[in-house]
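Worksheet: one structure, shown below.
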Amino acid sequence: MSVDIVKVQSGKQTVFNKKLYNELGSFAGLLLLSFVFSIATDTFLTVNNLLTVALQTAAVAMLAMAETYVIITAGIDLSIGSILAVAGIVCGKTLLAGFGIPLSVLAGVLVGGVCGLANGLAITRLGIAPFIATLGMMSIARGIAYVITDSLPVSGLPEDFYFIGGGTILGIIPVPVVITIIMALLFGFILNKTAFGRYIYALGSNEDAARLSGVNIAKTLNGVYIVSGLLSGLVGVMLTARLVSAQAQAGIGYELDAIAAAIIGGTSPLGGSGTILGTMIGAGIMGILRNGLNLLSVNAFWQQIAIGLVIIVAVYIDKIRRK
């Protein structure tokens with residue numbers, strides 16, 4: 001075995017160990033929180049409550065997957081909450097127009113993908129910073145949602161549509177949780193086992209080095225923001241189905257929860273590192289923290305303070321790890 005091969009294998013082993021340590025650290029935090037709340041309340045460690053946590057966390061977990069892809073490239077997507085809203089409204093309107101559930105779901109998801117592509121093109125073709133480009137899309141998508149609906153809910157959707165957002169499988173497992181797990185497996189596989197995933201990490205680690213290595217920067221970034229838009233669109237459809245109503249106000253503030261879940265799960269805000277498994281754990285920490293504080297009757301203002309502190313601690317740990 002040559003020296004170069006040994007070095008490459010050693011480097012891969014080091015990266016694998018870092019990912020493993022990050023995920024173990026996040027998972028230890030998840031277990032610690034669960035242990036504390038199971039002692040502090042009688043209702044936390046019950047099947048019904050844990051299923052409620054999983055259902056409430058599903059939307060944020062999927063949006064956090066989208067943010068994970070974007071943040072690994074050292075970018076950020078502030079528009080996912082607004083894309084979610086406009087995708088849900090398009091889905092609801094097409095349902096009312098009689099296009100049927102499959103086509104309407106597809107229309108909502110594709111609208112999310114188109115918004116994501118617009119973000120990508122603004123960044124790669126116009127040279128606009130991700131923060132500004134997605135901030136603009138956040139306003140545009142929300143405005144379109146208000147214009148289409150005139151700020152009124154889109155109601156009267158078919159009852160069968162509810163299954164996507166509020167139904168259960170085997171009478172107990174919420175459908176959104178199953179969809180989230182499938183999406184996590186799919187996008188985790190893409191990130192870890194495909195050339196596209198390797199390009200995303202390379203882009204976030206060192207863009208100049210990635211370009212010199214032959215990575216198509218524009219194509220990769222467009223793909224990342226399309227993924228973010230598609231996942232946001234799917235969440236918009238799920239939330240619309242759960243409420244059997246589409247609303248222009250849906251998803252306000254979700255982008256912050258998604259970013260927080262990704263960072264708490266070990267995705268570096270400086271780019272170059274992060275995993276879907278870690279993000280799922282981060283979303284779980286957010287969900288359990290909110291649920292546990294609700295059970296302890298802690299008001300929403302203190303919950304925001306607690307989540308903010310967790311984010312600061314997560315970023316500080318990332319800073320120490322990079323040293």
#### Entry: Kyte-Doolittle at least 0.0, axis length at least 18 Å by Cα - qualifying DSSP helices, the chain
3-40, 47-72, 80-96, 101-124, 130-149, 175-193, 217-243, 276-295, 300-322
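Loop-only check: which trypsin sites (Lys or Arg not before Pro) in the stretch 48-146 are DSSP coil with at most 10 other Cβ within 10 angstrom?
Working: sites: Lys93, Arg125, Arg142; in loops: Arg125.
Here the sparse-neighbourhood loop sites are Arg125.
Ordered by packing density, taken as the mean number of other Cβ atoms within 10 Å over each peptide's residues, highest first, how do 253-259, 94-100 rank?
Numbers: 253-259: 21.3, 94-100: 14.9.
Result, highest mean first: 253-259, 94-100.
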### Task
Would you mind putting 103-113, 190-200, 276-286 in packing order, based on average other-beta-carbon counts within 10 Å, highest first?
276-286, 103-113, 190-200
### Query
Where nothing but the Cβ of Lys and Arg (+1) and of Asp and Glu (-1) is charged, how large is the charge dipole of the stretch 140-212 around its Cα centre, in debye to the nearest 20?
340 debye
### Query
Taking Lys93 as the anchor, which aspartates and glutamates have their alpha carbon closer than 16 Å to its alpha carbon, excluding any fewer than eight residues away along the same chain?
Asp150, Glu159, Asp160
### Message
Quick check: residue separation of Leu186 and Ile169 times 0.36 nm, minus the Cα distance between them. What number comes out in nm?
### Response
4.1 nm
### Query
How far apart, in nm, are the 7 Å Cα→Cβ label points at Ser38 and Ser245?
3.8 nm
### Query
Put +1 on the Cβ of every Lys and Arg and -1 on every Asp and Glu Cβ in the chain; which of Ala260, Leu126, Pro174 then has its Cα farthest towards the positive end of the dipole?
Leu126
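Please work out the average accessible area per residue across the stretch 130-205, using the 1.4 Å probe convention, and give it in Å².
Working: 4180 Å² over 76 residues.
Value for the stretch 130-205: 55 Å² per residue.
Once you list every other residue whose beta carbon is under 15 Å from the beta carbon of Met62, what net charge do they have if Lys and Arg are +1 and Asp and Glu are -1? Please report the intermediate quantities before stating the final value.
Details: positive: Arg242; negative: Glu67, Asp77, Glu255, Asp257.
Around Met62, the surrounding residues sum to -3.
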#### Entry: the stretch 116-258: translational diffusion in µm²/s, Stokes-Einstein, Kirkwood Rh over Cα pairs, 10 °C, 1.306 mPa s
92 µm²/s
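Of all the accessible heavy-atom surface of the stretch 121-180, with the other protein chains kept in place and a 1.4 Å probe, what percent is carbon and sulfur?
Details: 2350 of 3430 Å².
Heavy-atom surface of the stretch 121-180 belonging to carbon and sulfur, 1.4 Å probe: 69 percent.
Over the stretch 58-184, what number does the Rg to Rh ratio reach, with both radii from the alpha-carbon atoms and Rh per Kirkwood?
On the way: Rg = 15.8 Å, Rh = 15.8 Å.
Over the Cα atoms of the stretch 58-184, Rg/Rh equals 1.00.
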### Query
So what are the chain's ellipsoid semi-axes, whole angstrom, largest first, if each one is the square root of 5 times an eigenvalue of the alpha-carbon gyration tensor?
31, 27, 17
### Query
log₁₀ I(q)/I(0) of the stretch 134-198 at q = 0.16, 0.17 Å⁻¹, via Debye over equal Cα point scatterers, no solvent, to two decimals?
-0.90, -0.92
### Listed residue (Val60, Leu230, Gly278) projecting farthest to the positive dipole end of the chain, Cβ model
Gly278
#### Entry: Reciprocal mean inverse distance between Cα atoms of the stretch 217-323 - Kirkwood radius, Å
15.6 Å
### Query
Summing -39500 (n - 2.57) over the DSSP H runs of n ≥ 4 in the chain and dividing by its residue number, what mean residue ellipticity at 222 nm do you reach, to the nearest 500 deg cm²/dmol?
-26000 deg cm²/dmol
### Query
In the stretch 244-291, what percent of the accessible surface is made up of carbon and sulfur (1.4 Å probe, ligands and nucleic acids excluded)?
68 percent
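The values are calculated or read from the model by the stated rules, or taken from the named source; none is laboratory data. Small disclaimer: the values here were computed from a predicted structure and weren't measured. Virtual Cβ from ideal backbone geometry, glycine too; neighbours counted across all protein chains shown. We work out accessible area using only protein heavy atoms, side chains counted, and drop any ligands, DNA or RNA first. Shrake-Rupley method; radii C 1.70, N 1.55, O 1.52, S 1.80 Å.
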